[in-house]
Amino acid sequence: MVHKKEEYKAELYGDAVREKIEEFAERGWESIPEEERDEWFTRFKFWGVFHHRGGQESYFMMRLTNCGGVLEPEQLRAIGEVAAEYATGPAENPEFGNVWIDFTTRQSIQLHWLKLEDIPEIWEKLEAVGVSSRSAGGDTMRNISGCPVAGKAEEYVESRELLDEIQEGIRGDDSLSNMPRKFNISVTGCRQGCAQDSINDIGLEPAHKFIDGEEVKGYNVRVGGGLGGREPRRARSLDMFVRPDDAYETVRSFVELYHEEGNRQNRSKNRARFFVDEWGTDEIREAMDDRVDFDLERAGTHFRGEYTYNAGKPTERGAHDHVGVYQQADGNYYVGLSVAVGRMAADEAIELADLADEYGSGEIRLSRRQNPLIMDVPEQAVHELLEESLLAKHKPEPNPYERGAMACTGTEFCSLALTETKARMAHMLRWLRDNTELPDDVDRIKIHFSGCTADCGQAMTADIGLQGMRARKGDDMVEAMDVGVGGGIGEEPTFIEWVRQRVPADEVPGMLASLIEAFAALREDDQTFREWVDATGHETIVELAEPEEVEGYEDPCLYDGKQNWYPFEEGDGPAPTNVDDEPISADD
């Protein structure tokens, strides 16, 4: 028997959903029958429109989509202006205030506190500059990941044109909109591995082969990577090398195979990684061979040994993110800002767009680590750009904790999360900065925080990974975290090993400090955190990781546990509200 969501989608999904969203928006929130909201909200996600969690009825999030993280001139400004006009919430976040945008781990942007009635106007303003929310959520192909500086920096295989082809021809194909589950595609053309092919449903990685005595550049193909549900998988090699001209057809063949054959009954076991588990790489390769119009070749020589992006290697081996100042292939520079946990005020986003216009080409790129990059800055303008006040806050040379931090949405808005993430992470980063010391050669500790086991914050790939839980502390139920160490992406991707589970949130900073202080004291020369974890051994790490309350850290919402309509507010919330944010009476 198919899952009920498959029945919803079979009735209506994909591009056709937009017309219904516009109809509901015209008639208002109350026009959605209460008994039908689950099915309509399932459909809305295809257009990037997500209903907020319980207690925030009538408020929505919109996720945008921009292939490979590219924002053309004027696009970020339009997004910031939309946020300023439409994304004001009924309560302030004590850390971030009100009216902001969130950069995501798939190189895009999310807006919160939107009203359904405003969605058509928001689309009109964004689409006027080429920004879309289509296929940004639900059971479909999500934003395609690529090197954020593809086409600008040195690539072994040029990938920007291929990314755009996949976006238009595959992700844009409405006949493929209804996938069994969400589906992630990545293309890496560089030798740093920054598209993280190993945790995508299909990933192309640069490779080469000598064929008839000549070097041929192309891609090796991996499938079935992913993180969620405490069942992570590395993408597995299909032992397949494809030339750039055949790469589009290769991706499409696997997308179509999963679209047609993927499990539509058991949603806990039907992501593409489980499809690969079930079929095996040999059978998948044979099925794809029947679907493509070229002869398959065995895998070429890859460059995974050179991967440095979140690979746990020393900085001198190469860039591990895009924060900082880097030269482009054309002699200009790009400047990567560090936006701790990915949240930026709307007025700052507009200011960032202004700076991109003033000092560069106006183009912004987004990385998979929730950070924006200002592109095409002439060498003579770099120093002046670095003196701008916005870069004093979102620094290209941040402290090691800010540089390594990522966090998902958390209970602030998400119905799945068990803990608040972003404000708590910001508190922890400041406390660690002020209360721990790191050796001068350590420029990052990658701490990733996910509010639940879906792992949108990619905790499984961090130096230190945090996943939200609940725990009892004394007589109280409190927000808590499972804590693991030793994850990373690189030649041999590894996932964290759990060190402590259900640690009350106010005891986590002390536990992290004990680990970090042990690392600083016991590491060999030039050893990174991941290397130290590997060398130290799990049992010793467990002994060193002692949870404790610490002076100077006050958790922002220890006792909330999703009891309140907003983690930082008590009492009755205003929801549901009308387009003017006035509460809707049950008698209306």
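The values are calculated or read from the model by the stated rules, or taken from the named source; none is laboratory data. Values in this document were obtained by computation on a predicted structure and should not be read as measured data. We place every Cβ from the backbone using ideal geometry, glycine too, and count neighbours over all the protein chains shown. Surface areas here come from the heavy atoms of the whole protein model, side chains and all, with no ligands, DNA or RNA. Shrake-Rupley method; radii C 1.70, N 1.55, O 1.52, S 1.80 Å.
Structural remarks
- Taken over segment 537-574, the residue count meeting the criterion of being outside any loop (DSSP other than H, G, I, E, B) and either within 30 Å of the chain's Cα centre (by Cα) or free of Cβ contacts under 8 Å to residues at least 12 places away in the same chain (or both) is 8.
- Long-range neighbours under 6 Å by Cβ, at least six apart or interchain, first residue farther than 9 Å from Gly312 by Cα within segment 516-531, second assigned to a loop (DSSP other than H, G, I, E, B): Ile516/Thr436; Ala520/Leu438; Ala520/Pro439; Asp526/Pro314
- When segment 91-146 is filtered for residues that are closer than 15 Å to Gly48 by Cβ, assigned to a loop (DSSP other than H, G, I, E, B) and of a type in the set (A, V, I, L, M), the ones remaining, listed by number, are Val131, Ala136, Ile144.
- Residue that is nearest to Arg444 (Cα to Cα), among those in segment 492-521 that are open to solvent by 20 Å² or more (accessible area, probe 1.4 Å) and in a strand (DSSP E or B): Thr494
- Scanning segment 300-345 for residues that are in contact (Cβ under 8 Å) with a residue 12 or more places away in the chain, surrounded by fewer than 23 Cβ atoms within 10 Å (Cβ to Cβ) and assigned to a helix (DSSP H, G or I) yields Arg304, Gly305, Glu306, Thr315.
- Residue match in segment 312-328 (condition: within 16 Å of Ile101 (Cα to Cα) and of a type in the set (Lys, Arg)): no
Let's see how each residue does on (1) more than 14 Å from Arg271 (Cβ to Cβ); (2) assigned to a loop (DSSP other than H, G, I, E, B):
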| position | (1), (2) |
| --- | --- |
| Arg191 | yes, yes |
| Gly203 | yes, no |
| His208 | yes, no |
| Val216 | yes, no |
| Arg230 | no, yes |
| Ser237 | yes, no |
| Met240 | yes, no |
| Asp246 | yes, no |
| Arg252 | yes, no |
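- Flag for Gln167 being at pLDDT 95 or above and touching a Cys at 6+ places or on another chain (Cβ under 6 Å): yes
- Residue match in segment 56-70 (condition: small (Gly, Ala, Ser) and open to solvent by 10 Å² or more (accessible area, probe 1.4 Å)): no
- Positions within segment 346-360 being open to solvent by 10 Å² or more (accessible area, probe 1.4 Å) and under 17 Å from Met375 (Cβ atoms), in sequence order: Glu351, Asp354, Asp357, Glu358, Tyr359, Gly360
- Candidate set from segment 465-486 (those that are assigned to a loop (DSSP other than H, G, I, E, B) and out of contact with any Ser or Thr (no Cβ under 7 Å at 6 or more places or on another chain)); member that is surrounded by the most Cβ atoms within 10 Å (Cβ to Cβ): Gly474
- Residues within segment 288-299 that are open to solvent by less than 70 Å² (accessible area, probe 1.4 Å) and either assigned to a loop (DSSP other than H, G, I, E, B) or among the aliphatic types (A, V, I, L, M) (or both), tallied: 5
- Here Ile489 passes the criteria (1) modelled with pLDDT under 95; (2) buried (at least 24 other Cβ atoms within 10 Å of the Cβ); (3) in contact with a Lys or Arg (Cβ under 8 Å, 6 or more places away or on another chain) except the one numbered (3).
- Scanning segment 127-139 for residues that are touching a strand residue (DSSP E or B) at 6+ places or on another chain (Cβ under 7 Å) and more than 12 Å from Asn66 (Cα to Cα) returns a single hit, Gly137.
- The lone exception for Lys4 - which of (1) closer than 14 Å to Ser133 by Cα; (2) modelled with pLDDT under 95 it fails: (1)
- The residues of segment 163-176 that are open to solvent by 10 Å² or more (accessible area, probe 1.4 Å), closer than 22 Å to Thr104 by Cα and out of contact with any Lys or Arg (no Cβ under 9 Å at 6 or more places or on another chain), listed by number, are Asp164, Gln167, Glu168.
Residue-by-condition table, conditions (1) within 20 Å of the chain's Cα centre (by Cα); (2) open to solvent by less than 60 Å² (accessible area, probe 1.4 Å); (3) more than 13 Å from Gly300 (Cβ to Cβ); (4) of a type outside the set (Asp, Glu):
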position: Asp197; (1), (2), (3), (4): yes, yes, yes, no
position: Pro206; (1), (2), (3), (4): no, yes, no, yes
position: Asn220; (1), (2), (3), (4): no, yes, no, yes
position: Ala235; (1), (2), (3), (4): yes, yes, yes, yes
position: Glu256; (1), (2), (3), (4): no, yes, yes, no
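- Any chance Asp443 is at pLDDT below 95 and either closer than 24 Å to Leu352 by Cβ or in contact with a Leu (Cβ under 9 Å, 6 or more places away or on another chain) (or both): yes
Residue-wise test of (1) under 30 Å from Ala329 (Cα atoms); (2) in contact (Cβ under 8 Å) with a residue 60 or more places away in the chain; (3) surrounded by fewer than 21 Cβ atoms within 10 Å (Cβ to Cβ); (4) of a type in the set (A, V, I, L, M, F, W, C).
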residue	(1), (2), (3), (4)
Glu95	no, yes, yes, no
Ile101	no, yes, no, yes
Thr104	yes, yes, no, no
Pro148	yes, yes, no, no
Glu158	yes, yes, yes, no
Lys182	no, yes, yes, no
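- When segment 264-280 is limited to residues that are of a type in the set (Gly, Ala, Ser) and part of a helix (DSSP H, G or I), the one that is most open to solvent (accessible area, probe 1.4 Å) turns out to be Ser268.
- Only one of Ala153, Ala128, Ala136 that is farther than 20 Å from Thr188 by Cα and surrounded by fewer than 23 Cβ atoms within 10 Å (Cβ to Cβ): Ala128
- Taking segment 1-52 and the helices (runs of 4 or more DSSP H) fully enclosed by it, the elements with 3 or more residues that are of a type in the set (A, V, I, L, M, F, W, C) and either touching a helix residue (DSSP H, G or I) at 6+ places or on another chain (Cβ under 9 Å) or open to solvent by 20 Å² or more (accessible area, probe 1.4 Å) (or both) are at 17-27, 37-44.
- Filter result for Asp434 (farther than 18 Å from His322 by Cβ, open to solvent by 30 Å² or more (accessible area, probe 1.4 Å) and modelled with pLDDT under 95): no
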